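**Student:** Dumping the structure here so I can ask a few things about it.
The values are calculated or read from the model by the stated rules, or taken from the named source; none is laboratory data. Source: prediction; values computed, not measured. A quick note on method: Cβ atoms are made from the backbone with ideal geometry, for glycine too, and the neighbour counts reach across all protein chains shown. With ligands, DNA and RNA removed, areas are computed over all heavy atoms of the protein, side chains included. Shrake-Rupley method; radii C 1.70, N 1.55, O 1.52, S 1.80 Å.
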Amino acid sequence: MRKVTVNIEEKLYQNRYRVDVGRPHIHIKNVEICTNDCADKSCTFICPASCYRSETNGSVTLITDGCLECGSCRILCTDHHNVEWEYPRGGHGIQFKFG
Ligand code: SF4
Ligand code: SF4
């Protein structure tokens, strides 16, 4: 039997995301905490959709477009409790298509 391989990027490409313009469902409560008090900035590594980005000035930016609603960032940030997280409004957010 022929083995078919699909990488993560290809799987993610199967999904669709409906943006709730101007109403992101996740917020960083205090960006100063990310910049000054969080050495690891683990959210920038753990997010499977790369929603968090570490900037050259030490800050962290968050763009929720493409968020998979896995909840990892909320759980990961328990040291600082700096992530405000809720599901997107109905009809918005991720629509899983494959796998
Ligand atoms: S883990 Fe929390 S405190 Fe640290 S950079 Fe991410 S959101 Fe900010
Ligand atoms: S819920 Fe998951 S996919 Fe969405 S921003 Fe957090 S870590 Fe990324």
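**Student:** Cα to Cα, under 20 Å, and not fewer than 8 places away if on the same chain: which lysines meet these conditions relative to LYS29?
**Tutor:** Cα-Cα hits under 20 Å: LYS41.
**Student:** Hey, in the GNM for the chain with a 10 angstrom Cα cutoff, which one of ASN36, ASN82, ASN15 fluctuates hardest?
**Tutor:** Result for the chain, Cα springs under 10 Å: ASN36 fluctuates most.
**Student:** Still on this model: Please sort by residue number the chymotrypsin sites (Phe, Trp or Tyr not before Pro) in the range 64-99 whose DSSP state is loop and whose Cβ has at most 16 other Cβ atoms within 10 Å. Mind dumping the intermediate values first?
**Tutor:** Values: sites: TRP85, PHE96, PHE98; in loops: PHE96, PHE98.
For chymotrypsin sites (Phe, Trp or Tyr not before Pro) across the range 64-99 that sit outside H, G, I, E and B with at most 16 neighbouring Cβ atoms in 10 Å, the list reads PHE96, PHE98.
**Student:** Further, regarding this structure: So between THR56 and SER42, what do we pick up on full extension, going 0.36 nm a residue minus the alpha carbon distance?
**Tutor:** Extra length from THR56 to SER42 when fully extended: 3.5 nm.
**Student:** Rolling a 1.4 Å sphere over the protein heavy atoms, what is the accessible area per residue of the chain, to the nearest Å²? Write down the numbers at each step before the final one.
**Tutor:** Values: 7250 Å² over 99 residues.
For the chain, the per-residue accessible area is 73 Å².
**Student:** Distance from a point 7 Å along Cα→Cβ of VAL31 to each backbone N in the range 66-99: keep the residues under 17 Å and list them by number.
**Tutor:** From the range 66-99, the list is 82-84.
**Student:** Report Rg/Rh for the range 8-95, rounded to two decimals, where Rg is the Cα radius of gyration and Rh the Kirkwood radius. Write out the running numbers ahead of the final one.
**Tutor:** On the way: Rg = 13.1 Å, Rh = 13.6 Å.
Ratio value, two decimals: 0.96.
**Student:** Further, regarding this structure: Return the carbon/sulfur percentage of the accessible area of the chain, one whole number, probe 1.4 Å, all protein chains in place. Write down the numbers at each step before the final one.
**Tutor:** Numbers: 3690 of 7250 Å².
After summing per-atom areas, the C and S share lands at 51 percent.
**Student:** Moving on to the next point. Please list 3J(HN,Hα) in residue order for the range 42-53, calculated via the Karplus relation 6.51 cos²θ - 1.76 cosθ + 1.60 where θ = phi - 60°; whole Hz, with x for glycine and proline.
**Tutor:** Along the range 42-53, the couplings run 4, 4, 6, 9, 7, 5, x, 9, 6, 6, 9, 10 Hz.
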